[in-house]
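The values are calculated or read from the model by the stated rules, or taken from the named source; none is laboratory data. Note that this is a predicted model, so its numbers are computed, not measured. Ideal geometry is used to build each Cβ from the backbone, glycine not excepted, and the neighbour counts take in all protein chains shown. Accessible surface is based on the protein model in full, side chains and every heavy atom, while ligands, DNA and RNA are left aside. Shrake-Rupley method; radii C 1.70, N 1.55, O 1.52, S 1.80 Å.
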Amino acid sequence: MLCICGISGLVGRELSNYFDNLGIQYIGTYNRYRSIHKNNIFQLDFTKEDHIYQFKDILKLYNVKIIIFCIVERVLEICENNWNVIKKVNIDIVDTVSKICNEYNIKFIHYSTDYVFDGFTQPNSPSSNCNPLQNYGISKYISECRVKSNCSNYCIIRTPVLYTSNCKLNENALTLISKKCMDLRKNVIYEEDNYSIRRPLYIKDLCKFIYNVIQYDYIGLYHFYNPYNKYTKYEICKVISEYCNVNIDNIKPNSNSSIGNAPRPYDTQLVDTQYDIYKYDFTDLRQSISDIFTKFRHDIINRNHKNKFFICLDLDGTILESNNIHYECYKYAFEKNGYNLNKKEWDEIIEKDTMENYCNNKYDKTISEQIKKCKYEYMKNENIQIVFTNNSDKFIEYLIQYNFNFCIVTNSSIQSVNIFKNKCDLLNRVRNWIVREDYSKSKPSSDCYKEAYKRYYRNEDIILCYEDTEIGYLSAKEITNHIYIYNNIKVYQQYDCYLIDDYKDLFE
Ligand SMILES: NC(=O)c1ccc[n+]([C@@H]2O[C@H](COP(=O)([O-])OP(=O)(O)OC[C@H]3O[C@@H](n4cnc5c(N)ncnc54)[C@H](OP(=O)(O)O)[C@@H]3O)[C@@H](O)[C@H]2O)c1
């Protein structure tokens, strides 16, 4: 029996898919970030002594003969700032588990990194001198030494930066590069490293090598790498942007030196002559980029192909600069009823929920109704003017003029929407609406988007959603991967979506 420690990570997940396809049995462990609920997968924190005892029992129970060890702390910037954390995870756990392997006669397969080299000379074979430049590389190098001294049946595999399609974009160094490409704010200028060389390896290509390590019982230290890939981060940006069809004139190549918080080696090119690397198949970077980004790519909105698109737009904050209006009106209503509402509280409430829900939960029914009534009365006030977000009015004019299938999907009540419609003719001309009364659970539930889909979707090829908050993103995610976030960097950094601050370049 095989055991994959860290099955919830990038390599662990891909390996388990690979073994599933081959019908190979295994057990696995995860810790906390990405829980997996299956009979053969166990939740264990290897920094806890009692979990190590449990782990030993599991090894005996399942008669484990091989451990594939994928547990690591690898976020470079975390590693650089917290040596104690990475020492615990990258060295102490490896030390413990490799000793257990020796005691239980289990083969220990361990991953290491090209960052054990300083990148000044190329190529680097398994016998080349190591000289890691940062904490991550140092911790991995020490872990290698522990494995070598603790157990006799081991295989250490050093790889360059790994990537996969089976993760969020911010989960690995290669797809993280796309975060600059998918930020469509034209006035934000980025710099990208056009100096250091990356030789990224697709994890699917690595799996076959691991399988051979097991089948042919490789022992010792190996390098596994893609001998064909050689790119700077800026060049990878170009590949991604060409595939996704986005303009990256605002990303400037920096050809002088490497940038970032931790020192990164120039080129850690790996080689290994212990086996014939050219017998392995490798996925071309362009091919893997298209696999990963296919779900984010779509044609530009164009009247000649209007039947291809189904477009959903959130209202408050996304097409209307109305969050402040709602705040001012609620503030007034709270004060009229003897309560206070400051902007900080307001921001925190609407980040996670609707104000209506908040009032209903916090106050008794009569007070909550009074606050809402008072808020709506105040909203009708002629001094309260509606302002569209950057060129969203032009976008809506365009969609109406060319008869696109689109709708507005909002958490706002019919009463709010009617007040806005009375103040603004353009909103009156929008035919399709989903308002709070049309569905049961408010965003972040997907009820509203599912309702929009049910009522208005006509089998168009591309579904586009425009939102401005986390709850909006989570709600829209159920019906599409093509999500545009208006002016919310926090949401953009956390989730897979485009970021915009202007609607003018989004249509022909
Ligand atoms: N990714 C790369 O670019 C790259 C490049 C070269 C070498 N490598 C090597 O490849 C191996 C696998 O890396 P990866 O990219 O798959 O890493 P990853 O995605 O960060 O996954 C790390 C795994 O370790 C688990 N883990 C972390 N702390 C733990 C603890 N205290 N107890 C138990 N489990 C814990 C995590 O569990 P939860 O998420 O469930 O908490 C997760 O399953 C590592 O040895 C790494 O050095 C990776």
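Among the protein heavy atoms of the chain, carbon and sulfur supply 44% of the accessible surface, probe 1.4 Å, non-protein parts ignored. One chain, two ends: SER413 and SER440. Fully extended at 0.36 nm per residue, the span grows by 8.5 nm beyond their Cα-Cα distance.
Under the rule a/c < 1.5 gives rounded, and otherwise a/b versus b/c splits prolate from oblate, where does the range 453-508 land using the Cα gyration tensor? Verdict is oblate for the range 453-508. By the helix-only formula, in which each DSSP H run with n ≥ 4 contributes -39500 (n - 2.57) and the sum is divided by residues, the chain has a 222 nm mean residue ellipticity of -11500 deg cm²/dmol.
Classify the range 195-293: rounded, prolate or oblate, from the alpha-carbon gyration tensor (a ≥ b ≥ c, eigenvalue square roots; a/c under 1.5 rounded; otherwise prolate if a/b is larger than b/c)?
Working: a/c = 3.08, a/b = 1.66, b/c = 1.85.
In terms of gyration-tensor shape, oblate.
Distances between placed amide hydrogens fall under 5 Å for LYS107 paired with ILE66, ILE67, all partners being 5 or more residues away or on another chain. Surface analysis of the range 295-438 yields an accessible area of 50 Å² per residue, using protein heavy atoms and a 1.4 Å probe. Taking 11 Å as the cut-off, the amide N atoms of the range 482-500 that come nearer than this to a point 7 Å along the Cα-to-beta-carbon line of GLU351 belong to 490-491.
Of the DSSP beta bridges with both residues in the chain, give the percent that are antiparallel, rounding to the nearest 5. Numbers along the way, then the final one.
Values: 2 of 54 bridges.
If we restrict to bridges inside the chain, about 5 percent are antiparallel.
If ligands, DNA and RNA are left out, what is the accessible area of THR121 with a 1.4 Å probe, given in Å² to the nearest 10? Using a 1.4 Å probe on the heavy atoms, I get roughly 90 Å².
The overall shape of the range 381-475 is oblate: from the C-alpha gyration tensor, with semi-axes ordered a ≥ b ≥ c, the ratio a/c is 1.5 or greater and a/b is no larger than b/c.
Distance between the 7 Å Cα→Cβ label points at TYR275 and ILE219: 1.6 nm.
For the range 373-389, backbone phi angles converted through the Karplus equation (6.51, -1.76, 1.60; θ = phi - 60°) give residue-by-residue couplings of 4, 4, 4, 5, 4, 5, 4, 6, 3, 5, 6, 8, 9, 8, 10, 7, 5 Hz, Gly and Pro being listed as x. The figure for HIS51 is an accessible area of roughly 30 square angstrom, using a 1.4 Å probe on the protein chains alone.
Here SER255 and ASP505 are evaluated by their C-beta separation; at R0 = 35 Å the FRET efficiency comes out at 0.80.
How high is the FRET efficiency from ASN403 to LYS230, r the C-beta distance, R0 56 Å, rounded to 0.05?
Details: r = 49 Å, r/R0 = 0.87.
The formula returns an efficiency of 0.70 here.
Once each part is reduced to its C-alpha centroid, what is the distance from the range 72-106 to the range 471-486 in angstrom? Each part reduced to its Cα centre gives a spacing of 37 Å.
Proximity of backbone amide H atoms, modeled 1.01 Å from N, is registered between ILE156 and HIS110, GLY220, LEU221, TYR222 at under 5 Å, excluding neighbours fewer than 5 places apart on the same chain.
The 3J(HN,Hα) values that the Karplus relation (6.51, -1.76, 1.60; θ = phi - 60°) gives for the range 134-148 are, in residue order, 9, 3, 4, x, 5, 5, 5, 5, 5, 4, 4, 4, 5, 4, 4 Hz. Gly and Pro appear as x.
Near ILE4, the amide H atoms lying under 5 Å from its own belong to ILE27, GLY28, THR29, ILE68; only residues 5 or more places off or on other chains count, and H is placed 1.01 Å from N. The solvent-accessible area of SER413, taken with every protein chain present and a 1.4 Å probe, is close to 10 Å². Remark: the range 89-95, residue by residue, has Karplus-estimated 3J(HN,Hα) of 7, 7, 10, 5, 5, 4, 4 Hz, where x stands for each Gly or Pro and the curve is 6.51 cos²θ - 1.76 cosθ + 1.60 at θ = phi - 60°.
Taking 0.36 nm per residue of separation and subtracting the Cα-Cα distance, what length does fully extending ASN82 through ASP45 add?
On the way: separation 37, 0.36 × 37 = 13.32 nm, distance 1.86 nm.
Fully extending the segment from ASN82 to ASP45 adds 11.5 nm.
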